[in-house]
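The values are calculated or read from the model by the stated rules, or taken from the named source; none is laboratory data. This structure is a prediction, so every number in the text was calculated from the model and none was measured. As a convention, Cβ positions derive from the backbone with ideal geometry for all residues, glycine included, and neighbour counts pool all protein chains shown. Remember, those area values only see protein heavy atoms, side chains included, never the ligands or the DNA or RNA. Shrake-Rupley method; radii C 1.70, N 1.55, O 1.52, S 1.80 Å.
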Amino acid sequence: MSREAILGAIRRSLGRGAVPRDLAIGLQARLHAHPRHLIPARSRLPRPQQVALFLRNVEKEFGTVARVPAAAAVPAAIAGYLAAQNLPSSFVMAPHPELRAIPWPASPLLRIREGRAAPTDLVSVQHGYAAVAETGTLMLPGTPDRPTTLNLLADTAIVVLRASRIRGALEDAWDLLRAEWRDDRTGGFMPRNVMLVTGPSRSADIEFTLELGAHGPRRLHVVLIDDDPPAVE
Amino acid sequence: MRATSTAFKENATQALADARLQKALVFTRPAFPTRRAAAVAQLPEFEQLRDIARDIKDHTLANLDFYLESWADKVERSGGQVHWCSTPDDARAAVLAICQRVGARTVTKGKSMISEELAINEHLEQHGITPVETDLGEYILQLRKEPPSHIIAPAFHLNREDWEQSFRASHTDLPPDRVFADRRDLLAEARAELRARFLAADVGITGANFLIAETGSSVIVTNEGNGDLTQTLPRVHIVLASLEKVVPTLEDACTLLRLLARSASGQDMSVYTTFSTGTRRPGELDGPDEYHVVLIDNGRSNMLGSPFQPMLRCIRCAACLNHCPVYFTVGGHSYGWVYPGPMGAVLTPSLIGVDQAGHLPNASTFCGKCESVCPVKIPLPDLMRHWREREFERHLPSLTTRAGLGVWGWFARRPMAYRLLTRAAAWGLARLGRRRGRLSSLPLAGGWTGGRDLPAPEGDTFFARYARARRAGPI
Ligand code: SF4
């Protein structure tokens with residue numbers, strides 16, 4: 001069998017048989033403890049500066065940001081952004097409880113469809129699970145209430161994120177997922193898909209010159225809800 | 001991909017005479033190092049992270065069987081399937097069998113170097129299945145039937161006119177008099193064409209930058225988002241990965257990710273870094289129903305325990321290509337196979353044989369720049385030297401090369417004669433180049449001076465100066 005052939009070839013080259021039991025226990029322990037390595041100091045900051053670093057990095061990567069004091073202010077922020085970009089006020093939204101709880105106006109001007117994105121959708125609104133200040137990265141695990149296509153198909157991707165979900169380093173964001181998410185199938189914490197998104201889609205394949213909006217969204221807009229008092233200066 | 005590495009010299013001669021290629025090389029050459037340097041300067045821990053990354057990879061390789069088994073176990077528990085393939089034939093057969101079982105007609109593909117190694121596209125086409133490359137650079141190369149010339153910027157050797165010409169020739173359903181005012185128009189057309197392909201595809205094939213033993217995940221890193229559409233929209237997702245891609249934990253991957261994009265394109269982080277673990281879960285709206293990983297050895301297990309084991313640390317960032325004076329003189333196609341530049345010069349002979357690729361380790365000035373930028377500190381020049389020795393032992397170099405080395409060896413073993421000869425040569429060359437300080441032609445070295453001048457020696461040898469300095473005082 002191929003599996004045994006490959007493992008056998010590896011062991012022969014390494015000049016040993018299968019990993020001895022005591023060593024295997026050590027390796028298993030390393031997997032289990034998943035120790036951290038050196039974490040760059042740049043994101044080890046007091047809360048307000050950490051949030052500011054996140055926002056700066058989003059903008060450095062060609063994303064845009066709107067900061068709102070509470071969830072109730074999200075609809076106006078999105079409507080304002082869409083108007084400013086000359087975009088239609090209709091969008092497809094993640095069926096996430098936090099997004100549903102937002103008091104969307106019963107205005108016919110803002111048309112919302114819940115579900116996964118269709119290729120015809122111009123604007124999508126996604127729920128931001130967590131974010132990483134170190135690089136301005138959004139962590140978007142694909143779960144039933146956070147469909148992956150919302151990150152990819154629309155030309156304009158809007159992500160609603162609570163400031164309390166911003167972490168310093170990438171490892172900190174993984175720790176959140178490790179602690180909070182249970183995958184029924186494996187008993188682990190990984191859903192089928194976890195996307196780490198840093199800015200809008202881009203390509204430099206044509207004459208080595210950066211253009212935004214290659215296959216994914218051309219615009220990435222973060223609506224940040226300031227739900228974290230220590231984060232506000 | 002059929003190797004033409006034996007024809008490196010002819011390929012390189014052609015490349016030097018190709019004015020358009022030379023223009024692209026001159027244009028791109030400064031950009032890569034500048035961007036990397038800027039990103040590295042922003043991260044004071046970068047050097048320390050390189051050491052840690054090397055150690056993570058070494059630890060994994062020393063226990064590769066253990067980590068592969070842990071990883072495969074997790075893949076299966078999350079609803080995926082691992083296909084263990086020793087040879088490219090095994091891997092091609094595994095991919096084809098999946099595609100045929102699900103009745104696939106078109107397959108979209110994310111960028112993957114291992115896919116080039118396996119020549120998977122040709123194999124699918126022979127069996128009536130249409131593969132569609134979706135990375136923009138790979139897409140145009142597929143239209144032009146050209147191999148990639150760089151491992152992360154596959155089409156940088158083409159200019160805008162080439163793109164326009166290929167699009168007009170291939171997208172014949174669009175009005176022939178349409179105007180491409182700027183690059184955006186090219187991008188928009190490719191995006192629209194490929195959107196339709198993404199939606200129609202039955203199977204999506206991606207590579208993997210990493211496999212995570214702890215979780216059974218495969219990781220892809222892209223800027224365009226094409227890899228994500230490839231692995232999200234079709235019903236079946238196939239990952240092609242060589243076995244050295246595995247790392248133990250997410251934390252290990254975090255450290256490597258901090259180095260990867262900075263070393264590659266000077267970004268802190270690529271736009272999309274995506275972890276795939278098994279198939280779509282119940283209740284989920286997106287994701288594939290089948291998840292397969294075709295795990296490929298193709299000669300790598302032989303490299304373990306050999307002097308070439310460190311090459312398996314490679315994370316394919318391309319920094320060594322981007323800083324290589326030889327690569328930027330002859331371009332990627334000259335190397336004649338999938339992997340160009342310094343990493344290719346070490347890896348290619350391991351994978352297809354030193355008799356096929358013996359020229360590549362010789363295509364180096366040993367300036368050492370590649371090793372100094374490699375994020376996992378692979379001693380690339382040392383490994384190239386190993387290949388040169390093996391090539392010599394097997395009597396592969398030409399008679400002239402062997403005779404030349406013989407002459408040099410005779411003098412090198414006789415220091416007095418060596419010094420006499422070099423003193424005479426230094427004196428002679430200094431007189432010849434006295435007026436301009438450099439020599440633009442030399443007897444027996446016309447090939448060398450064809451592309452550059454030789455700085456004229458100042459009249460003394462190194463030994464003479466060293467001895468003089470010693471006498472003058474401690475150095
Ligand atoms: S050898 Fe080092 S520098 Fe070259 S591609 Fe591999 S990791 Fe990058």
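Computed values, structure above
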read-out	value
Number of the condition not met by A:Ile112 [criteria: (1) surrounded by fewer than 23 Cβ atoms within 10 Å (Cβ to Cβ); (2) farther than 19 Å from A:Thr156 by Cα]	(2)
Among residues of segment B:383-442, those that are in contact (Cβ under 8 Å) with a residue 24 or more places away in the chain and β-branched (Val, Ile, Thr), counted	1
Close pairs (7 angstrom Cβ cut-off, 6 or more residues apart or separate chains): without any contact (Cβ under 8 Å) to a residue 60 or more places away in the chain in segment B:38-64, of a type in the set (Val, Ile, Thr) and open to solvent by 10 Å² or more (accessible area, probe 1.4 Å) anywhere	B:Asn63/A:Val19
Filtered residue count, segment B:141-158, keeping only those that are outside any loop (DSSP other than H, G, I, E, B) and in contact with a Leu (Cβ under 9 Å, 6 or more places away or on another chain)	2
A:Ala179 vs. criteria open to solvent by less than 10 Å² (accessible area, probe 1.4 Å) and on the phi < 0 side of the Ramachandran plot	no
From the options B:Trp163, B:Trp71, B:Trp84, residue that is touching a Lys or Arg at 6+ places or on another chain (Cβ under 7 Å) and aromatic (Phe, Trp, Tyr)	B:Trp84
One residue from A:Arg21, A:Arg47 being free of Cβ contacts under 8 Å to residues at least 12 places away in the same chain, charged (D, E, K, R) and either more than 22 Å from B:Asp252 (Cβ to Cβ) or assigned by TED's automatic domain parsing to the domain that holds A:Ala169 (or both)	A:Arg21
Residue within segment B:203-213 that is within 10 Å of chain A (Cβ to nearest Cβ), buried (at least 24 other Cβ atoms within 10 Å of the Cβ) and at negative phi present	yes
Test result for B:Ala190, facing chain A (nearest Cβ under 10 Å), within 16 Å of the ligand (Cβ to nearest atom) and either buried (at least 24 other Cβ atoms within 10 Å of the Cβ) or more than 22 Å from A:Pro191 (Cβ to Cβ) (or both)	no
Check on B:Arg316, touching a Leu at 6+ places or on another chain (Cβ under 9 Å), of a type in the set (D, E, K, R), open to solvent by 10 Å² or more (accessible area, probe 1.4 Å) and within 30 Å of B:Ala31 (Cβ to Cβ)	yes
Filter result for A:Gly216 (at the interface with chain B (Cβ under 7 Å from one of its Cβ atoms), in a loop (DSSP other than H, G, I, E, B) and within 13 Å of the chain's Cα centre (by Cα))	no
So B:His83, is it facing chain A (nearest Cβ under 10 Å), under 27 Å from the mean Cα position of the chain (by Cα) and in a strand (DSSP E or B)	yes
Failed item, numbered, when A:Phe189 is tested on (1) hydrophobic (A, V, I, L, M, F, W, C); (2) part of a loop (DSSP other than H, G, I, E, B); (3) within 7 Å of chain B (Cβ to nearest Cβ)	(3)
Wholly within segment B:285-385, helices (runs of 4 or more DSSP H) carrying at least 2 residues that are away from the ligand (no atom under 15 Å from the Cβ)	B:300-303, B:327-330, B:354-357
In segment A:154-171, the residues that are open to solvent by less than 30 Å² (accessible area, probe 1.4 Å) and among the charged types (D, E, K, R)	A:Glu171
Scan of segment A:30-71 for residues that are among the small types (Gly, Ala, Ser) and under 23 Å from A:Leu210 (Cβ atoms), ordered by number	A:Gly63
Conditions (1) out of contact with any Cys (no Cβ under 8 Å at 6 or more places or on another chain); (2) at pLDDT 95 or above; (3) over 30 Å from B:Ala12 (Cβ atoms); number of the one not met by B:Ala91	(1)
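Per-residue answers, yes or no, for (1) more than 15 Å from the chain's Cα centre (by Cα); (2) open to solvent by less than 10 Å² (accessible area, probe 1.4 Å):
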site: B:His323; (1), (2): no, no
site: B:Gly336; (1), (2): no, yes
site: B:Ser350; (1), (2): no, no
site: B:His359; (1), (2): yes, no
site: B:Cys370; (1), (2): no, no
site: B:Ile378; (1), (2): no, yes
site: B:Arg402; (1), (2): yes, no
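Here is a yes/no grid of residues against (1) surrounded by 12 or more Cβ atoms within 10 Å (Cβ to Cβ); (2) at pLDDT below 75:
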| residue | (1), (2) |
| --- | --- |
| B:Ser440 | no, no |
| B:Thr449 | yes, yes |
| B:Leu454 | yes, no |
| B:Pro474 | no, yes |
